[in-house]
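Chemist: What follows is a single structure, and I will ask about it in a moment.
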Amino acid sequence: MADDTARATSQASVSESNRSRIVKHLYHNGISSRAQIAKALELTPAAITKITARLIEAGMIEETGDLEGSKNRRSIGLKIDTARFRVIGVKFARPLVQIGVFDLCGNALSTENLPPVYDHTISDTITAIHQRISELLDDDPSIVAIGMAIPGPYLRNVGRTAVVSSMQGWRKINFINEFSAAFRVPVFIEQDARAGALAHYLFDPAFHTNDYLAYYLVGEGVGLGVIDNGHLVNGAQGAATEIGHISVDVNGKPCDCGNVGCLERYCSAPVIHDMLIEDGSVIPDASDMTHAEAARALFAKANEGNAAAQSMVREVARYIGYGCITIFNAFNPEHIIIGDIVSEAGHLLLDTVRATVAERAIPEINDFTSITLSTLPIDSTVCGAAAVAVTQFLEHPSVFFDVS
């Protein structure tokens, strides 16, 4: 009996894997015939016919009409209608919660920010998230999944984040308990920088399906998502790649994580805000601003040619460059994509990052690796939350449709 159960489980796993491979092929390659899919995936035509018949019956894929086949034979095309299915993405970024509705290609159909979050209003924000998502689901039956992007280190099996610098109240929230079974569609939760990596992997034409990339989030916090050989690097608890809590000064500033000299303490938006308040001259009213507002005000001053503002941007950029060197040496990606609030400093920041890396990195690795700023039209984290949901849709068809 145990052997029969194991065989059935194994067969179900193989079947789901083959369904996923077909769906992913159509997602990444567009309209394809059954013969083209069979050749690309090295599956038998009979297997392709059987699997695609169930996917069509379930409504996950559809036939498109005749295609020109080999030897002038006619064949029928198959596709996923990426505009037919939609997902919700939710970004949690300390004082900011953003909700967006996206199609399967990452095009934003709507985005909205909830009222600013404070430690004492987190429970109210959770209630508002439940209410707003429920409204979106009621209004749009084409929504099939929800993705959420959470500041790290996110303990994926526990459901909460271990450290949230500058707003520790978020540590009390168990995201699995709050959201996993709250709606009519499944909810998938990921660390924010890993979600950003998925956004570029799926949605950015410049990095589409690149198997070795790193998304370097520099915003309210500092995080990293790494795709290595096509797979996210997670770690045993989901807390891998937490570059923001790698020490760049063993005698440096204390951090909420318990370490000292953490990278996050030298180049995040809250640090920029503190620098401006302490300086008092570059942005005189900085103390009345949010972290993001203060950082953006600094960048505007730097772009206007203010020398003191440019000096501050360069100082922050040097630390971001130190982080890039760690990424080089730890993960050896082909591409590092810098995103979130601090990346809005633009080319002054990027040029300084690249110069810092050139001074300190192994030349052969530096020559091989590109460092760029994110060019996604929508914030990488909320778009990444959508990418988390889309990834699950592509990898586990049987969660969404009766295709067995």
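Chemist: Have a look at G221, V390, L349 and report the one farthest towards the positive end of the charge dipole of the chain, computed about the Cα centre with Cβ charges (Lys/Arg +1, Asp/Glu -1).
Modeler: V390
Chemist: Among rounded, prolate and oblate, which fits the range 140-260 when a ≥ b ≥ c are the square roots of the eigenvalues of its C-alpha gyration tensor, a/c under 1.5 means rounded, and a/b larger than b/c means prolate? Please list the in-between numbers first.
Modeler: Working: a/c = 2.25, a/b = 1.22, b/c = 1.85.
Oblate shape, in that a/c is at least 1.5 and b/c is the bigger or equal ratio.
Chemist: How would you classify the range 126-174 from its alpha-carbon gyration tensor, with a ≥ b ≥ c the square roots of the eigenvalues: rounded for a/c under 1.5, else prolate if a/b is greater than b/c, otherwise oblate? Don't jump to the answer; show the numbers that get you there.
Modeler: Values: a/c = 3.29, a/b = 2.07, b/c = 1.58.
Verdict is prolate for the range 126-174.
Chemist: Show me, for the range 387-404, the HN-Hα J-couplings you get by feeding each phi into the Karplus relation (A = 6.51, B = -1.76, C = 1.60, θ = phi - 60°), rounded to Hz, glycine and proline as x.
Modeler: Each residue's phi maps through the Karplus curve to give 4, 4, 5, 5, 4, 5, 4, 6, 8, 9, x, 5, 6, 10, 9, 7, 10, 7 Hz.
Chemist: Going by average Cβ density within 10 Å per residue, which order do the peptides 352-363, 148-159 take, highest to lowest? Write out the running numbers ahead of the final one.
Modeler: Details: 352-363: 16.7, 148-159: 23.0.
Packing order, densest peptide first, comes out as 148-159, 352-363.
Chemist: Kindly write out, for the range 150-167 in residue order, the coupling ³J(HN,Hα) from the Karplus curve 6.51 cos²θ - 1.76 cosθ + 1.60 (θ = phi - 60°), rounded to whole Hz, with x marking Gly and Pro.
Modeler: Listing the rounded values in order: 10, x, x, x, 8, 8, 5, 7, 8, x, 9, 8, 7, 9, 10, 4, 6, 7 Hz.
Chemist: Another question about this same structure. Take each of the peptides 188-201, 97-110, 364-377, average the number of other beta-carbon atoms within 10 Å over its residues, and list them starting from the highest. Please report the intermediate quantities before stating the final value.
Modeler: On the way: 188-201: 29.1, 97-110: 19.2, 364-377: 15.1.
Final packing ranking: 188-201, 97-110, 364-377.
Chemist: Residues with amide H under 5 Å of G152's amide H, sequence separation 5 or more or different chain, H placed in the peptide plane at 1.01 Å from N; which?
Modeler: For G152, whose amide H was placed from the backbone, the distant partners under 5 Å are D192, A193.
Chemist: D139 versus L373, label points 7 Å from Cα toward the beta carbon: distance in nm?
Modeler: If labels sit at D139 and L373, their model points lie 3.2 nm apart.
Chemist: I'd like the Karplus ³J(HN,Hα) series for the range 111-125: coefficients 6.51, -1.76, 1.60, θ = phi - 60°, whole numbers in Hz, and an x wherever there's a Gly or Pro.
Modeler: Couplings: 9, 8, 9, 6, x, x, 9, 10, 3, 7, 10, 4, 5, 5, 5 Hz.
Chemist: Taking R0 as 25 Å, what's the FRET efficiency between H231 and S404 from their Cβ-Cβ distance, rounded to 0.05?
Modeler: Numbers: r = 25 Å, r/R0 = 1.01.
With a Förster radius of 25 Å, E is 0.50.
Chemist: Which one of A206, G59, S165 is farthest out on the positive end of the charge dipole of the chain, using unit charges on Cβ (Lys, Arg +1; Asp, Glu -1) and the Cα centre as origin?
Modeler: G59
Chemist: How many angstrom lie between the C-alpha centres of the range 55-107 and the range 208-252?
Modeler: Taking the Cα centre of the range 208-252 as reference, the centre of the range 55-107 is 29 Å away.
Chemist: What distance in nm lies between label points placed 7 Å from Cα along the C-beta direction at E62 and K39?
Modeler: Between E62 and K39, the simple spin-label model gives 2.7 nm.
Chemist: Sticking with this one: With a/c under 1.5 counting as rounded, go ahead and sort the range 329-404 into rounded, prolate or oblate using the C-alpha gyration tensor (a ≥ b ≥ c being the square roots of the eigenvalues; past the cut-off, prolate if a/b is larger than b/c, else oblate).
Modeler: Values: a/c = 4.86, a/b = 1.98, b/c = 2.45.
In terms of gyration-tensor shape, oblate.
Chemist: Taking amide H atoms as placed 1.01 Å from N in the peptide plane, list the residues 5 or more away in sequence, or in a different chain, whose amide H sits under 5 Å from that of S33.
Modeler: Long-range HN contacts for S33: L78.
Chemist: Follow-up question, since we're still on this one. Express the accessible area of the chain per residue in Å², computed with a 1.4 Å probe while the remaining protein chains stay in the model. Let's see the in-between values first.
Modeler: Working: 17910 Å² over 404 residues.
Normalised by residue count, the accessible surface of the chain is 44 Å².
Chemist: Go through K172, K253, K79 and list them by solvent-accessible area, largest first, probe radius 1.4 Å.
Modeler: K172, K253, K79
Chemist: Right, something else. Using 0.36 nm per residue, how much length does the chain from A355 to Q131 gain when fully extended, once their Cα-Cα distance is taken away?
Modeler: Numbers: separation 224, 0.36 × 224 = 80.64 nm, distance 4.74 nm.
Result for the pair: 75.9 nm of gain on full extension.
Chemist: How much of R296 can a 1.4 Å solvent probe reach, expressed as accessible area in Å² and rounded to 10?
Modeler: Roughly 110 Å² of R296 is accessible to a 1.4 Å probe.
Chemist: Give me the one-decimal nm value for the distance between modelled label points at I362 and T82, 7 Å along each residue's Cα-to-Cβ direction.
Modeler: 3.6 nm
Chemist: If one computes P(r) from the Cα atoms of the range 263-404, what percent of pairs lie at distances over 21 Å?
Modeler: More than 21 Å apart: 52 percent of the Cα pairs in the range 263-404.
Chemist: Using a Cα-Cα cut-off of under 21 Å, which lysines could be cross-linked to K91, ignoring same-chain neighbours fewer than 8 residues away?
Modeler: Within the straight-line limit of under 21 Å, K91 reaches these lysines: K172.
Chemist: Under a cut-off of 25 Å between alpha-carbon atoms, report the lysines in cross-link reach of K50, not counting same-chain residues fewer than 8 places apart.
Modeler: K24, K39, K71, K79
Chemist: Something else now. So if I take the alpha carbon set of the chain, get Rg, then get Rh from the Kirkwood formula, what is the Rg over Rh ratio?
Modeler: Working: Rg = 22.9 Å, Rh = 22.6 Å.
Using only Cα positions, Rg/Rh for the chain is 1.01.
Chemist: Can I ask one more? Would you grab the residues whose amide H sits under 5 Å from the one on V248? Only those 5+ places off in sequence or on another chain, please, with H modelled 1.01 Å from N.
Modeler: Residues meeting the amide H criterion: C262, L263.
Chemist: Lysines near K253 by alpha-carbon distance under 18 Å, same-chain residues fewer than 8 away left out - which ones?
Modeler: Straight-line reach from K253, under 18 Å: no lysines qualify.
The values are calculated or read from the model by the stated rules, or taken from the named source; none is laboratory data. Keep in mind that what you see is a predicted model, and the values were worked out from it rather than measured. Here Cβ is always computed from backbone atoms with ideal geometry, including for glycine, and neighbour counts include all displayed protein chains. Accessible surface areas use protein heavy atoms only, side chains included; no ligands, DNA or RNA. Shrake-Rupley method; radii C 1.70, N 1.55, O 1.52, S 1.80 Å.
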